[in-house]
């Protein structure tokens, strides 16, 4: 390993940009640019701040809503949670598990990159399948199944979470394909039947199927399933979803032409269900904006964006139940705001704000966009069941919930293998030391903590030999301890030239870093170059990156990702 003297190291510190906290350093070098989808952009102007806010919310969710049983984890409901059984009788379910929440939890863990939590949630799902391979809708806290029937939206979300996990880490083909087979066989109307390819409410036999839930339609999910399996069946399911939503629009009883609002449930042909409460945009239909915004943002689907546009226009308007601080829980599809006390209100809940915030990403009204982001962020505290929808809405709206088969970002290392064997350490022979240890939880999931005592040189690096020319920035999480020590991130390019980004550990806790891949953020090293060539940063074959601390202390690293 190359020897570096103490004096050149100090000269380098003086030659580079002035020291400061990591957040200042990333801002000085360009910061995190807003994330983009093919047909949308992050709702927040400060991407780095949004990412830190999401991470903090995720950790709060993990601490508040997860219950561990050995290696299994489930998402628990409130101590006073109740549900209605098939007979319409209200039943108590203190801290039990509803399958939809388990699906939301799996989505959160997969998108946040927390494999240990994801695997624990998936283990619980596999251990509690019903005879058809689906997830029972209601499971008591003691593990007893209270309702063995499945909710289709829950299982499709779990399948989509498995797809996200498989594309991120690999190894989930078998459970993913099994669950897709269950959904196809038991939850989608078969070809040749009336309403073929329409998602049903659950896994009941078709002769008992009477209503469908518009808020369950997830065409973006189905497109991803089609790409994964190569089976056009799922494209038929996506198209049928829009046909079904159109049948609702064509029914004058809903009077939703101006609002785009959908009923909680309807008959499969879009006609009204006998229950008048089902004609309202409320707790079930509220999930539709999130699901449709995904298809509009990822796939530029006009049938989704046109409805989302109408919803945005309605909710950012004036009047009762409208505007970022006025959205409630019960509306007629025509837009009339009903007293939230109908369902035990008042209800200003992340259950509604999260999906509508994801839809607001497509709005041109900047005040509404920012107001929805701030309100959802403020109220999503996981004090109640369903707040997961608040965080999922924030994730989509911030550009962090991407199409798993089309996301252009590339992981360098998220350490979710539970080890750092790819990385090597080095130190001079004059007494400097540096050691690494895996930690969980880190920023998200597993990470690495580096403990060092360096008076000459030492580091923590990985050999890559990767083409980074298509990427604009390297993003990662760093845990500071307030040591005041400088830390250098060194990049060795295709020619063997060394470029280094410097920041100072003058903060505590995890911070998000976005460092542009250019010589403003990574100036060429002045103290030492192993190559005589000097032709600028060449990213066609990045040979290695290294973290090199100075002084005595510790810091953490997690989730290194390249962004285009």
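Among the conditions (1) assigned to a loop (DSSP other than H, G, I, E, B); (2) out of contact with any strand residue (DSSP E or B) (no Cβ under 6 Å at 6 or more places or on another chain); (3) within 25 Å of residue 237 (Cα to Cα); (4) in contact (Cβ under 8 Å) with a residue 40 or more places away in the chain, residue 305 misses just one, which is (1).
Results for (1) in a loop (DSSP other than H, G, I, E, B); (2) surrounded by fewer than 22 Cβ atoms within 10 Å (Cβ to Cβ), shown as yes or no for each residue.
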residue	(1), (2)
490	no, yes
494	yes, yes
503	no, no
515	no, no
519	yes, yes
538	yes, yes
543	no, yes
556	no, yes
561	no, yes
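At least 1 residues being in contact with a strand residue (DSSP E or B) (Cβ under 9 Å, 6 or more places away or on another chain) is the threshold, and among the helices (runs of 4 or more DSSP H) wholly inside region 348-410 those reaching it are 388-397.
Summed over region 125-136, the residues that are touching a residue at least 40 places away in the same chain (Cβ under 8 Å) and surrounded by fewer than 22 Cβ atoms within 10 Å (Cβ to Cβ) give a count of 5.
Checking every residue in region 513-522 against the condition of being in contact with a helix residue (DSSP H, G or I) (Cβ under 6 Å, 6 or more places away or on another chain) and in the same structural domain as residue 462 (by TED's automatic domain parsing) gives at least one match. In this entry, residue 485 passes the filter for residues that are farther than 19 Å from residue 559 by Cα and touching a strand residue (DSSP E or B) at 6+ places or on another chain (Cβ under 9 Å).
In region 308-340, the qualifying residues are those that are touching a helix residue (DSSP H, G or I) at 6+ places or on another chain (Cβ under 8 Å) and assigned to a helix (DSSP H, G or I), and the one that is farthest from residue 224 (Cα to Cα) is 315. Just to be sure I understand, how many residues within region 437-448 are in a strand (DSSP E or B) and surrounded by fewer than 18 Cβ atoms within 10 Å (Cβ to Cβ)? Total satisfying the criteria: 3. Residues in region 452-473 that are surrounded by 15 or more Cβ atoms within 10 Å (Cβ to Cβ) and in a strand (DSSP E or B): 452, 453, 454, 458, 459, 460, 461, 462, 464, 466, 473. Among the residues that make up region 290-297, is at least one of them free of Cβ contacts under 8 Å to residues at least 40 places away in the same chain and in contact with a helix residue (DSSP H, G or I) (Cβ under 8 Å, 6 or more places away or on another chain)? Looking for residues that are free of Cβ contacts under 8 Å to residues at least 40 places away in the same chain and in contact with a helix residue (DSSP H, G or I) (Cβ under 8 Å, 6 or more places away or on another chain), one finds none in region 290-297, hence no.
Just one of the numbered conditions (1) touching a helix residue (DSSP H, G or I) at 6+ places or on another chain (Cβ under 8 Å); (2) over 23 Å from residue 164 (Cα atoms); (3) part of a helix (DSSP H, G or I) is not true of residue 262: (3). Taking the numbered list (1) crowded, with 21+ Cβ neighbours inside 10 Å; (2) over 22 Å from the mean Cα position of the chain (by Cα); (3) in a strand (DSSP E or B) in turn, residue 476 passes all entries but (2).
Within the option set 418, 431, being in a loop (DSSP other than H, G, I, E, B), over 24 Å from the mean Cα position of the chain (by Cα) and touching a residue at least 24 places away in the same chain (Cβ under 8 Å) holds for one residue only, 431. Scanning region 14-73 for residues that are assigned to a loop (DSSP other than H, G, I, E, B), at pLDDT 90 or above, farther than 16 Å from residue 397 by Cβ and out of contact with any helix residue (DSSP H, G or I) (no Cβ under 7 Å at 6 or more places or on another chain) yields a total of 1.
The values are calculated or read from the model by the stated rules, or taken from the named source; none is laboratory data. Being a predicted model, the structure only gives us computed values, none of them experimental. For neighbour counting, all protein chains shown are included, and Cβ atoms are generated from backbone atoms with ideal geometry for every residue, glycine included.
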